[in-house]
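A short worksheet on the structure shown next.
The values are calculated or read from the model by the stated rules, or taken from the named source; none is laboratory data. Remember, predicted model here, so these are calculated numbers, not experimental data. Glycine also receives a Cβ, built like all others from the backbone with ideal geometry; neighbour counts cover every protein chain displayed. Please note that ligands, DNA and RNA were not included when accessible areas were found on the heavy atoms of the full protein model with its side chains. Shrake-Rupley method; radii C 1.70, N 1.55, O 1.52, S 1.80 Å.
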Amino acid sequence: MSALLEAERLRFAYGPRPVLDDVSFAIGPGELVGVIGPNGAGKTTLVRLLAGVLAPASGSIRLAERPLSEYRRRDVARRLAVVPQDAHVDFPFTALEVVLMGRAAHLPPLGFPRARDLAVARAAMQRLEVAHLEDRALDRVSGGERQRVLLARALAQEPDLLLLDEPTTHLDLRHQAGIHEVLGELSRSRGTAVLSVLHDLNLAAMYCDRLILLAAGRVLRVGTPSQVLTAEALGAAYRTQVYVGPNDATGSLVVLPLVRRRG
Amino acid sequence: MTLRPPYLTARRLAATTAVLAALLLLSIAGAMLVGPVRASVWRALTDAESTDHVILFRTRLPRVLLGAVVGGSLGASGAALQALLANPLACPHLLGISGGAAVGGVVALIAGAEAISFVVPLAAFAGALFAIGVVYLCARAGGRSTPYALLLVGVVFNVLASAAIMLINVIASYSQAHGVLFWLMGSLSGQSWQLIAAAAAYALAGLAWLAAHAQDLNLLATGEEGAAQLGVDVERARRAIFVAASLLVGAAVSVSGMISFVGLIVPHLIRLVLGADHRLLLPASFLGGAAFLVWADALARTALAPAELPVGVVTALLGGPFFLFLLRRELARAAS
């Protein structure tokens, strides 16, 4: 199986201190990969590098076996979609207009959406339960609704690879589960690979095929959730005591920080 | 607003643009009839030697058409700058871009370029382009320009521009200085047909260039990083939009001086009614801005008749409070 995305010895710095150092991994088609790690570990920077918004100081990123830097932006947008942590839109675009922006790279520069583009956009909105917001202005919906609209926009790009930066920050439990079900289904039916920065280690344990544990800009561990989510590795990365036990409902793992109570 | 369908179709674009163009034509015709002196349309049309003809077709028509070109340029450039900076408070005047264009124009005027119609707009264009570049580079941080940074940089740039103009004025002769002052206050009167034609050519070139980037502007309005991820070559698009917006601002400032807030008010109102898609917003802001300034100027020449207000005073008195209202709303949203 050839890799869809390969990162090799990535290094990046905002100033003298490196944010990422010697980061290497590969993602194959259909894989669900989670990126975990403490605050400031370089997770968001990694997403921006992989999206081609930042250029690495050294190292290489290959998308479908071609260096990412050689692609035109339009061609990247047809293969790779990004869902940001949060995006304020200060203009009254309707939710459907925003989702249709995901089709821009598939259309000629001034092209109006064709029947197929509309169908793809509306199907994505249906999947994420935002179809009813179609004619609502995006600056007038809640944070969770906006996040789902932006995810629908990424799905409308019909990418081979989805990059998500904490996709569930603003979402309630039902929608957290819903989004991961949608992502899982995409990976099975279309072979879409997903790389997702996750704050919630329990979600990471349940939904990901593989995890990348970052700490201080370096890869501490890569592997299946049971290989990465150990009390020892997490304790070292997060610098706190962690409980890792079985999740009886799903067969995956449960991770909890250990809080000592006095008395 | 739910008055509009959830996305723009080619048909709605064509129909809406046609309606707005018709409204502009009506405004031009209507505003020609407004003025301190009453003139008979019938006599003006039938007798080319009559005073009525002179008033309507040699005094008012050029002025009204110039108002349309200037208003349209400011409206469309405002819409484009707001999208480019992902900031609804951007406008060529507040960003100091009109100031930059004015410096360019004043230098050309003092150098005696008045005789050659297309040189003043060209100099104003160069000044606008320089200003856009400086303000943009100074106000940007992390791929986004906050309202705070933009306004501050714009204010500073405007102060610099006025100082430069005052300096030039001191050096220039008295009669030149008087002309410059009148021009700066924002006036649409007494321009030649050649200058109007030159400004219109610059403005339409700028508008066409912007319109070619309408989809890029849609994506840029949601943020530069997002636009790149959706397939926009941000660097290229930004350069093109800078040049096109400078053409528009240069065209406007070179023939009318400093007219503020049109580029802020008009795109806002159009967005409220017609939505944010720039394929429609750009032509609609041009046509709407044209009609707006045509009527603002009609007000300027009648409000204190027989005395005449510079139209820049009218737009500033209307736009200032509107801007404060928008700023309040923006700050409240940022705080929440």
Show log10 I(q)/I(0) for the stretch B:134-274 at q = 0.08, 0.12, 0.21 Å⁻¹, two decimals, from a solvent-free Debye sum over equal Cα scatterers. -0.29, -0.65, -1.47
Before we go on, tell me the buried accessible area for the A/B pair, both chains summed, 1.4 Å probe, in Å² to the nearest 100. 3000 Å²
Where Lys and Arg each count +1 and Asp and Glu each count -1, what net charge lies around B:R63 among other residues with Cβ under 9 Å from its Cβ? +1
If you count only protein heavy atoms with a 1.4 Å probe, what accessible area per residue comes out for the stretch A:89-159, rounded to a whole Å²? 32 Å²
Which residues of the stretch A:28-76 bury at least 40 Å² of accessible area once all protein chains are present, versus their chain alone (1.4 Å probe)? A:V53, A:R73
Any idea what diffusion coefficient the stretch B:1-137 gets from Stokes-Einstein, in µm²/s, Kirkwood Rh on alpha carbon pairs, 20 °C, 1.002 mPa s? 117 µm²/s
Helix-only mean residue ellipticity at 222 nm, chain B, DSSP H runs n ≥ 4 weighted -39,500 (n - 2.57), per residue, nearest 500. What is it? -24500 deg cm²/dmol
Between B:G105, B:G257, B:G30, which gets the highest mean-square fluctuation from a Gaussian network model of chain B, Cα cutoff 10 Å? B:G30
Given a 1.4 angstrom probe, I'd like the percentage of the accessible area of chain B that is carbon and sulfur, rounded to a whole number. 73 percent
Quick one: which bits of the stretch B:208-256 get at least 50 Å² less accessible when the partner protein chains are in, versus the chain alone, with a 1.4 Å probe? B:Q215, B:T222, B:E225, B:Q229, B:L230, B:G231
Using the charge dipole of the protein assembly as shown (Lys, Arg: +1 at Cβ; Asp, Glu: -1 at Cβ; taken about the Cα centre), state which of B:L167, B:G78, A:P18 has its Cα farthest towards the positive end. A:P18
Coil-residue chymotrypsin sites (Phe, Trp or Tyr not before Pro) of the stretch A:1-108, DSSP, other Cβ within 10 Å capped at 13: A:Y14
Quick one: 3J(HN,Hα) in Hz for the stretch B:70-86, Karplus 6.51/-1.76/1.60 with θ = phi - 60°, rounded, Gly and Pro as x. 5, x, x, 4, 5, x, 5, 5, x, 4, 5, 5, 4, 5, 4, 8, 6
Chymotrypsin sites (Phe, Trp or Tyr not before Pro) restricted to DSSP loop in the stretch B:1-90 with at most 15 other C-beta within 10 Å: none
When you have a sec, figure out the Kirkwood radius of the stretch B:71-335 from all distinct Cα pair distances and drop it here in Å to one decimal? 18.2 Å
Of the heavy-atom accessible surface of chain A (probe 1.4 angstrom), what whole percent is carbon and sulfur? 51 percent
Semi-axis lengths, Å, the protein assembly as shown, gyration tensor of Cα atoms, sqrt of 5 times eigenvalues: 55, 25, 20
Kindly identify residues of the stretch A:99-122 having a loss of at least 40 Å² in accessible area between the isolated chain and the assembly of all protein chains, probe radius 1.4 Å. A:M101, A:A104, A:L110, A:F112
In Å², what does the accessible area per residue of chain B work out to with a 1.4 Å probe? 41 Å²
Under the Kirkwood approximation applied to all pairs of distinct alpha-carbon atoms, what is the hydrodynamic radius of the stretch A:89-159 in Å? 11.8 Å
Hey, in the GNM for chain B with a 10 angstrom Cα cutoff, which one of B:V253, B:V313, B:V41 fluctuates hardest? B:V41
Förster-model FRET efficiency, 51 Å R0, B:R38 and B:D233, C-beta, rounded to 0.05: 0.35
What's the longest uninterrupted piece of chain A once you rule out the trypsin sites (Lys or Arg not before Pro) that are loop residues per DSSP with at most 16 other Cβ within 10 Å? A:115-238
